[in-house]
Amino acid sequence: MVASTVSAHAATEISYWLWDTNQLPAYKACAAEFQKQNPDITVKITQTAWSDYWTGISTGFVSGSAPDVFTDHLARYPEFALNEQLVDLAPLIKQDKVDTGIYVGELFKLWSKEGKQYGLPKDWDTIAIFYNKDMMKAAGVDPATLANLDWNPKDGGSYQQLIAKLSIDAAGKDGTSAGFDPKKVKQYGLVMPGNPDAYGQSEWSHFAVSNGFKFNDGLWASKFYYDDPKLAETFKWIVDAGKKGFIIPAKDCNENNAPGLFAAGKGATILHGSWMINWYKENCKFEVGIAPLAKGTDGRKSMFNGLADSIWMGSKHKPEAWKWVKFLGSPEAQKIVASYAVVFPAVRQDVDTAKEAFAKKGMDVSPFVEEGTDPKVTFLFPVTDHASDVVRIMQAAIDRIMLSGADPTSTLKSANQEVNALFQ
Amino acid sequence: MNTSETASNPWGHRIGLAVLIILAIVSLLPIWIAVKTAFTDTGAIYTSASALLPKDATLFNFQRVLGLANPADPRLAKSGLGKIDFLRALLNSLIFTTMVVVPQIFFSAMAAFAFARLKFPGRNLIFFLFITATMIPGAVLFIPNFILMKELGWLNTFQGMAAPYALMTPFSIFFLRQMFLGTPAELEEAAHIDGAGILTIFFKIMLPLHTGSLATLTILTSIAMWNEFFWPFLIGRDPAVQVMAVAINSFRTQSAAGTPDWTGLMACTVLGIIPVALLLIFFGRKVVESIQFSGGK
């Protein structure tokens with residue numbers, strides 16, 4: 001007699017990659033919940049260091065060993081999409097009637113091109129001012145005034161007044177007094193969080209855009225406006241403020257050491273993204289406060305960026321992969337991630353969960369939340385084709401301006417021509 | 001140096017000593033900073049970066065990179081700490097070094113013996129080809145070798161990492177050939193007359209005669225292979241086969257926030273330096289003498 005076996009088919013295993021060690025516990029918790037709801041699917045999570053992550057993904061595409069689902073990035077996915085390595089989620093979204101209106105701002109749009117959808121948004125980040133509370137107090141600045149700073153490229157507005165006051169030279173004079181020596185500064189008003197690059201996410205984009213500059217005409221545009229005089233005057237202000245001794249010299253700052261410089265007390269404020277909240281909390285021996293960015297002529301502006309999960313075209317388990325991506329894009333999963341207080345979830349209703357989780361850790365992150373959820377403040381990361389070439393060209397130009405004293409107007413003009421030629 | 005020399009030029013002697021001391025400090029200070037940072041508590045690095053002694057000295061960094069820390073330790077929950085299984089990486093380096101050095105010395109010795117002592121048609125032509133092979137920049141060979149490893153299915157395996165080096169390197173053959181040429185041929189001729197075959201001569205006469213240079217070559221090759229980075233980086237990315245240098249590179253970007261986990265990174269670096277440092281401390285003089293000797297040829 002043949003024993004009839006109810007075929008409990010072996011669980012399908014899908015592989016999921018991410019690079020952020022801090023988010024690993026959150027996603028492991030999501031996987032546990034997902035597996036409870038889908039007992040025939042197991043999710044194998046692999047965390048790879050940032051520098052190996054993208055080479056691993058690209059090599060995986062070629063050698064056929066890429067993960068089924070992976071955390072994707074706005075600067076990389078256009079190329080993957082062009083090479084047809086990502087599954088278009090639009091038909092799946094339509095088929096399963098997934099509600100795409102639950103995400104903050106235009107995050108969903110960031111991940112679509114020509115009607116195709118390449119990821120479901122999972123989190124967002126934006127930029128604000130981190131400051132050293134002790135130094136603020138010592139300078140006699142009332143933290144309540146930080147919410148209303150204004151900035152302009154001519155005299156820097158009240159923002160420049162602030163960083164001048166917070167810059168102290170070896171003789172104890174601050175930047176607003178007459179005898180301030182820019183060559184012997186022991187505490188700088190502002191630390192730039194790294195080498196400014198083509199997008200200036202933390203360093204210059206908010207200044208420039210609040211001044212009226214725009215990168216291009218929208219997502220997937222084929223023309224940049226780096227030659228806009230409003231951008232040149234922004235850079236001119238940054239270089240001049242540096243010469244005045246209010247900003248740490250560009251040659252001493254890169255993304256590896258800038259947070260460390262702030263933690264070591266070399267600067268009173270640093271402009272940085274919400275992904276750094278926990279790092280500053282844990283590595284600074286002093287209390288760290290968060291303030292919103294200064295307002296330019298166009299108001300307050302902050303670059304809005306967000307990650308999403310994409311499905312590899314070569315995945316052998318696409319239906320299961322879609323179930324996992326759909327789960328990760330859902331309010332339920334993002335509430336779990338939000339409660340770990342590492343990132344802000346893309347689903348609007350879960351943002352407050354993150355805010356409370358951060359508050360429990362002692363960080364008031366309301367400036368980030370207010371900026372991130374205000375459509376008048378956020379502007380999108382400029383997603384385009386040829387991203388790596390744009391970065392290469394603009395990095396060289398901006399390095400010349402910041403490190404070699406080149407004239408911003410002419411340098412940006414010729415760089416912009418080169419960039420636009422890529423799209424010809 | 002004798003006393004009359006010092007007496008006639010004491011200033012020259014003192015200046016020489018001062019220069020040597022300065023050079024010693026300049027060379028050793030970076031290593032000391034690395035060691036000091038490795039022993040510093042992670043929370044204290046930013047405030048004590050310019051101190052010469054570790055602040056809040058602790059062994060915790062070594063414990064956590066080697067995977068010996070208690071997973072429930074609250075210190076491990078801090079953001080900015082990178083994750084790494086460095087013990088595995090050190091083990092992998094040990095396996096990789098052994099897999100390369102043992103066959104390489106053995107086969108290079110045999111090849112060197114053939115070039116030095118055996119007469120066969122085309123010997124000089126083949127040796128000439130070896131000379132030209134050393135002139136090819138290593139970087140040119142990476143892509144063809146990578147494609148070969150991919151075809152063989154040896155990506156992310158030990159044999160894939162060891163393959164280009166395991167048989168020989170031109171330097172090893174050169175070095176040993178020089179050594180073998182330096183010995184008088186009479187010993188072998190005598191053995192030959194007594195009826196010894198080539199293999200007997202090789203194993204019973206040549207090798208025992210040159211244990212010194214073989215040892216030197218082994219040490220030099222081991223140090224080079226222990227520190228090898230680029231080829232294992234191309235081939236062995238998977239944490240299960242990552243060697244020490246590749247693991248350190250990967251660890252550099254492992255902490256999420258963008259700034260490296262400095263104390264952990266320095267702990268890994270110090271652990272990576274220790275074997276080479278020990279080797280050089282115990283065998284350094286011998287190595288220098290051997291190189292001097294071959295140079296004098």
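The values are calculated or read from the model by the stated rules, or taken from the named source; none is laboratory data. Predicted model only: the values in this text are computed from it and were never measured. No Cβ is skipped: glycine too gets one built from the backbone with ideal geometry, and neighbour counts run over all protein chains shown.
Taking residues in the stretch A:19-32 that are of a type in the set (S, T, N, Q), and partners anywhere that are assigned to a loop (DSSP other than H, G, I, E, B), the pairs with Cβ atoms closer than 6 Å and at least 6 places apart or on different chains are A:21/B:83; A:21/B:256; A:22/A:342; A:22/B:79; A:22/B:256; A:23/A:342.
Pairs meeting the criteria (first residue in the stretch B:123-147 and farther than 17 Å from residue B:164 by Cβ, second residue modelled with pLDDT of 90 or more, beta carbons under 6 Å, at least 6 apart or on different chains) are B:127/B:115. Among what's in the stretch A:270-283 and is facing chain B (nearest Cβ under 8 Å) and touching a Phe, Trp or Tyr at 6+ places or on another chain (Cβ under 8 Å), pick the residue that is modelled with the highest pLDDT. Applying the filter and picking the extreme gives A:276.
Restricting attention to the stretch B:227-272 and to residues that are in a helix (DSSP H, G or I) and among the aromatic types (Phe, Trp, Tyr), the residue that is farthest from the other protein chains (Cβ to nearest Cβ) turns out to be B:231. Selection of first residues in the stretch B:70-92 that are within 9 Å of another protein chain (Cβ to nearest Cβ) and of second residues that are among the hydrophobic types (A, V, I, L, M, F, W, C) and outside any helix (DSSP H, G or I), restricted to Cβ pairs under 7 Å at least 6 apart or on distinct chains, gives the following pairs, ordered by first then second residue: B:79/B:256; B:79/B:257; B:80/B:257. In the set (1) outside any helix (DSSP H, G or I); (2) surrounded by fewer than 13 Cβ atoms within 10 Å (Cβ to Cβ), the condition left unmet by residue B:27 is number (1). Residues that are of a type in the set (Phe, Trp, Tyr) and under 20 Å from the mean Cα position of the chain (by Cα) were ranked within the stretch A:239-289; the one that is farthest from residue A:342 (Cα to Cα) is A:262. Annotation: of all residues in the stretch A:332-358 being assigned to a helix (DSSP H, G or I) and among the aliphatic types (A, V, I, L, M), the one that is surrounded by the fewest Cβ atoms within 10 Å (Cβ to Cβ) is A:357. Each residue in the stretch B:37-61 was checked for being touching a residue at least 24 places away in the same chain (Cβ under 8 Å) and of a type in the set (D, E, K, R), and 1 of them qualify. In the stretch A:258-274, the residues that are in contact (Cβ under 8 Å) with a residue 24 or more places away in the chain reach residues that are among the charged types (D, E, K, R) and buried (at least 21 other Cβ atoms within 10 Å of the Cβ) with C-beta atoms within less than 8 angstrom, at least six apart or across chains, in these pairs: A:271/A:203; A:273/A:125; A:274/A:125. Just name the residue that is farthest from the other protein chains (Cβ to nearest Cβ) out of those in the stretch A:61-72 that are touching a residue at least 12 places away in the same chain (Cβ under 8 Å) and surrounded by fewer than 20 Cβ atoms within 10 Å (Cβ to Cβ). Selected residue: A:61. Checked against the criterion of being surrounded by fewer than 24 Cβ atoms within 10 Å (Cβ to Cβ) and either within 14 Å of another protein chain (Cβ to nearest Cβ) or within 22 Å of residue A:345 (Cα to Cα) (or both), the candidates A:289, A:299, A:267 yield just one match: A:289. Within the bounds of the stretch A:266-284, is there any residue that is under 19 Å from residue B:259 (Cα atoms) and assigned to a loop (DSSP other than H, G, I, E, B)? Scanning the stretch A:266-284 turns up at least one residue that is under 19 Å from residue B:259 (Cα atoms) and assigned to a loop (DSSP other than H, G, I, E, B).
Applying the condition of being charged (D, E, K, R) and within 18 Å of residue A:63 (Cα to Cα) to the stretch B:229-261 and asking which residue is surrounded by the fewest Cβ atoms within 10 Å (Cβ to Cβ) yields B:238. Only one entry in A:43, A:87 is of a type in the set (Val, Ile, Thr), touching a residue at least 60 places away in the same chain (Cβ under 8 Å) and more than 29 Å from residue A:277 (Cα to Cα), namely A:87. Identification of strands (runs of 3 or more DSSP E) wholly contained in the stretch A:1-106 with 2 or more residues that are closer than 30 Å to residue A:379 by Cβ and within 21 Å of the chain's Cα centre (by Cα) yields A:12-18, A:69-72. Residues that are surrounded by 15 or more Cβ atoms within 10 Å (Cβ to Cβ) and assigned to a loop (DSSP other than H, G, I, E, B): does the stretch A:128-138 have at least one? Within the stretch A:128-138, not a single residue is surrounded by 15 or more Cβ atoms within 10 Å (Cβ to Cβ) and assigned to a loop (DSSP other than H, G, I, E, B).
Please go through the stretch B:38-68 and give me each residue that is within 12 Å of another protein chain (Cβ to nearest Cβ) and either touching a helix residue (DSSP H, G or I) at 6+ places or on another chain (Cβ under 6 Å) or in a loop (DSSP other than H, G, I, E, B) (or both), ordered by number. Before you say what the answer is, go through the steps one by one.
Within the stretch B:38-68, the first condition is being within 12 Å of another protein chain (Cβ to nearest Cβ), and the residues that meet it are B:41-51, B:55-56.
B:41, B:42, B:45, B:46, B:47, B:48, B:49, B:50, B:51, B:55, B:56 - these are the residues of the stretch B:38-68 that are within 12 Å of another protein chain (Cβ to nearest Cβ) and either touching a helix residue (DSSP H, G or I) at 6+ places or on another chain (Cβ under 6 Å) or in a loop (DSSP other than H, G, I, E, B) (or both).
Considered as a group, the residues in the stretch A:10-60 that are facing another protein chain (nearest Cβ under 9 Å) and among the hydrophobic types (A, V, I, L, M, F, W, C) include one that is nearest to residue A:335 (Cα to Cα), and that residue is A:24. Mind listing whichever residues of the stretch A:381-424 are in a helix (DSSP H, G or I), farther than 19 Å from residue A:237 by Cα, touching a residue at least 40 places away in the same chain (Cβ under 8 Å) and aliphatic (A, V, I, L, M)? Those that are in a helix (DSSP H, G or I), farther than 19 Å from residue A:237 by Cα, touching a residue at least 40 places away in the same chain (Cβ under 8 Å) and aliphatic (A, V, I, L, M): A:387, A:390, A:391, A:393, A:415, A:419.
Looking across A:91, A:78, one residue alone is more than 14 Å from every other protein chain (Cβ to nearest Cβ), surrounded by fewer than 16 Cβ atoms within 10 Å (Cβ to Cβ) and more than 21 Å from residue A:45 (Cα to Cα). It is A:91. Regarding the stretch A:172-180, can at least one residue be identified that is within 24 Å of the chain's Cα centre (by Cα), aromatic (Phe, Trp, Tyr) and on the phi < 0 side of the Ramachandran plot? Checked against the condition, which is being within 24 Å of the chain's Cα centre (by Cα), aromatic (Phe, Trp, Tyr) and on the phi < 0 side of the Ramachandran plot, the stretch A:172-180 yields no hits at all. Among the residues of the stretch A:13-27, the one identified as acidic (Asp, Glu) and within 23 Å of residue A:317 (Cα to Cα) is A:13.
In the list A:245, A:306, which residue meets the criterion of being in a strand (DSSP E or B), away from chain B (no Cβ under 14 Å) and touching a residue at least 40 places away in the same chain (Cβ under 8 Å)?
Details: A:245 fails: in a strand (DSSP E or B).
Only one candidate qualifies: A:306.
Among the conditions (1) loosely packed, with under 13 Cβ neighbours inside 10 Å; (2) under 27 Å from the mean Cα position of the chain (by Cα), residue B:128 misses just one, which is (2). Here the condition is being touching a helix residue (DSSP H, G or I) at 6+ places or on another chain (Cβ under 8 Å), at pLDDT 90 or above and either over 25 Å from residue A:377 (Cα atoms) or in a helix (DSSP H, G or I) (or both); of A:230, A:186, A:251, it holds for A:230 alone.
Restricting the stretch B:133-191 to residues that are surrounded by 15 or more Cβ atoms within 10 Å (Cβ to Cβ), touching a Pro at 6+ places or on another chain (Cβ under 7 Å) and closer than 22 Å to residue B:115 by Cβ, which is nearest to the other protein chains (Cβ to nearest Cβ)? I'd like the intermediate steps shown before the answer.
Initially, the stretch B:133-191 is screened for residues surrounded by 15 or more Cβ atoms within 10 Å (Cβ to Cβ), giving B:142, B:145-146, B:149-150, B:154-158, B:160-170, B:172-180, B:183, B:188, B:191.
Within this subset, residues satisfying the condition of being touching a Pro at 6+ places or on another chain (Cβ under 7 Å) are B:145, B:161, B:166-167.
Subsequent filtering for residues that are closer than 22 Å to residue B:115 by Cβ retains B:166-167.
Values: B:166: 23, B:167: 26 Å.
Among those residues, the one meeting the criterion is B:166.
Only residues that are in a loop (DSSP other than H, G, I, E, B) and closer than 21 Å to residue A:257 by Cβ were counted in the stretch A:155-183, giving 1.
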